[in-house]
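I have placed the structure first, in the form of structure tokens, so that the comments after it can refer back to it.
The values are calculated or read from the model by the stated rules, or taken from the named source; none is laboratory data. Every value quoted in this text rests on a predicted model; they were computed, and no experiment measured them. Backbone-built Cβ (ideal geometry, glycine too); neighbour counts: all protein chains shown.
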Ligand code: ADP
Ligand code: ASP
Ligand code: MG
């Protein structure tokens, strides 16, 4: 009998009727397969819990925030188990900790370090459907409850699928698969039938929240294919695999696979940094010690007259208060003049393995942005990606312009958004 791991995102379990519909789909899969299900919190519950936390404290203790946020997934797992029981099947719900999801102790963005799913195995062996709360685990050292970062239920699903040696890992969401751009912004986006782990990792890292970055990293490590599809339709979705262009010959490698965007970052500029050896190292060591992930960095040429330079970098907006506080502490030591903060930015990225062998991609991209009247503030590249930072109000226009410039627009609209608020 095959073992199928299915993950249902927040919009797929947004209310009681959604939960009942998903329960039916699970029961149908159970006929002929063993099934393990991972669930996210209902609808926008996680955002609502974050809003609530902010109302009681502007910078809540990370341990307590994790404790609060994991309650969202516990609600949906129990309700889904009840709905399945109501259809006459045995279902058992498990928290991340009960399911054996062991993490490091970094609250808010914990990494899975081991998965010991003996209770899930037991449930399967007894013929039960196991329902696991996504996005959470337990720290090996502190024994505290942790969360894996926003969108982390995808990673729970892949980690459990790998540990249980599942035959399939299906990620059910509110669109029909991975598209060439977010269908909420580009209605002419096309569904990608198969995409490589590498390209999907770049898309996820650049803000395409259809899959959590760690989930793709994990799947690549275990060579586990992921099937991303809609819980609102029965259409075949997108397969994320190692080498999509080699398996069968139906797909030719496109130059550009997709356009991703991200509005969740902010920019900090450290103004007037003395242009001396080691100053940048001190700044970024301070940020690293505060566990802040830096994305793009730009250092201006120092003005000869002052011997000072400006250093700008982008980081998750959620970490910006922590970063600003850490930098203020070292201001006397470094002697920089001031800090500037801008959270009205967005990042637009072109991703495609084919750009390695095609010159002129950057020129076409930048010309498209210029034609759309979008100003570029920062640029960064990797072998298969070009990213720019633009003003937040230019993001939609930039994504649409890039999508069109690389002939990604579909002739007929196929991008359906079935649910969710896009929050
Ligand atoms: P879930 O709650 O099911 O995990 P998410 O909201 O995390 O769903 O992810 C699905 C959403 O990702 C879609 O509704 C869509 O707006 C967004 N998205 C962003 N980029 C893409 C893309 N390239 N292809 C498909 N969806 C995308
Ligand atoms: N509920 C969590 C979030 O909204 C985890 C997830 O949905 O994957 O980020
Ligand atoms: Mg998600």
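I'm trying to understand the selection: among the residues of segment 32-60, which are out of contact with any helix residue (DSSP H, G or I) (no Cβ under 7 Å at 6 or more places or on another chain) and modelled with pLDDT under 95? Within segment 32-60, 32, 54, 57, 58 qualify.
Scanning segment 158-166 for residues that are touching a helix residue (DSSP H, G or I) at 6+ places or on another chain (Cβ under 9 Å), away from ligand 3 (no atom under 15 Å from the Cβ) and modelled with pLDDT under 95 turns up nothing. Quick check on segment 3-24: of everything there that is assigned to a helix (DSSP H, G or I) and touching a strand residue (DSSP E or B) at 6+ places or on another chain (Cβ under 8 Å), which residue is surrounded by the most Cβ atoms within 10 Å (Cβ to Cβ)? The qualifying residue surrounded by the most Cβ atoms within 10 Å (Cβ to Cβ) is 13. For segment 370-393, residues that are out of contact with any strand residue (DSSP E or B) (no Cβ under 7 Å at 6 or more places or on another chain) and surrounded by 18 or more Cβ atoms within 10 Å (Cβ to Cβ) total 1.
If I filter segment 88-118 down to residues being loosely packed, with under 15 Cβ neighbours inside 10 Å and more than 30 Å from residue 288 (Cα to Cα), which single residue comes out as farthest from the chain's Cα centre (by Cα)? Here the residue is 88.
To keep it simple, each residue is scored yes or no on (1) within 16 Å of ligand 3 (Cβ to nearest atom); (2) farther than 21 Å from residue 158 by Cα; (3) touching a helix residue (DSSP H, G or I) at 6+ places or on another chain (Cβ under 9 Å).
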{"site": "16", "(1), (2), (3)": "no, yes, yes"}
{"site": "23", "(1), (2), (3)": "no, no, yes"}
{"site": "26", "(1), (2), (3)": "no, no, yes"}
{"site": "62", "(1), (2), (3)": "no, yes, no"}
{"site": "69", "(1), (2), (3)": "yes, no, yes"}
{"site": "92", "(1), (2), (3)": "no, no, yes"}
{"site": "95", "(1), (2), (3)": "no, no, yes"}
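A single member of 404, 423 is modelled with pLDDT under 90, touching a helix residue (DSSP H, G or I) at 6+ places or on another chain (Cβ under 8 Å) and either within 16 Å of ligand 3 (Cβ to nearest atom) or not in a loop (DSSP other than H, G, I, E, B) (or both), and it is 423. Sub-7 Å Cβ pairs linking a first residue in segment 163-175 that is more than 12 Å from residue 6 (Cβ to Cβ) to a second residue that is assigned to a helix (DSSP H, G or I) and within 14 Å of ligand 1 (Cβ to nearest atom), at least 6 apart or interchain, are 174/11; 174/12, ordered by first then second residue. Being without any contact (Cβ under 8 Å) to a residue 60 or more places away in the chain, under 27 Å from residue 395 (Cβ atoms) and more than 16 Å from ligand 3 (Cβ to nearest atom) is a description that applies to residue 310. Could you list all residues from segment 302-316 that are part of a loop (DSSP other than H, G, I, E, B) and either surrounded by 11 or more Cβ atoms within 10 Å (Cβ to Cβ) or at positive phi (or both)? Hits for segment 302-316 are 302, 306, 307. Highlighted here are the strands (runs of 3 or more DSSP E) found entirely within segment 185-280 that include at least 2 residues which are under 19 Å from the mean Cα position of the chain (by Cα), surrounded by 19 or more Cβ atoms within 10 Å (Cβ to Cβ) and within 15 Å of ligand 3 (Cβ to nearest atom): 226-230, 238-241, 258-262.
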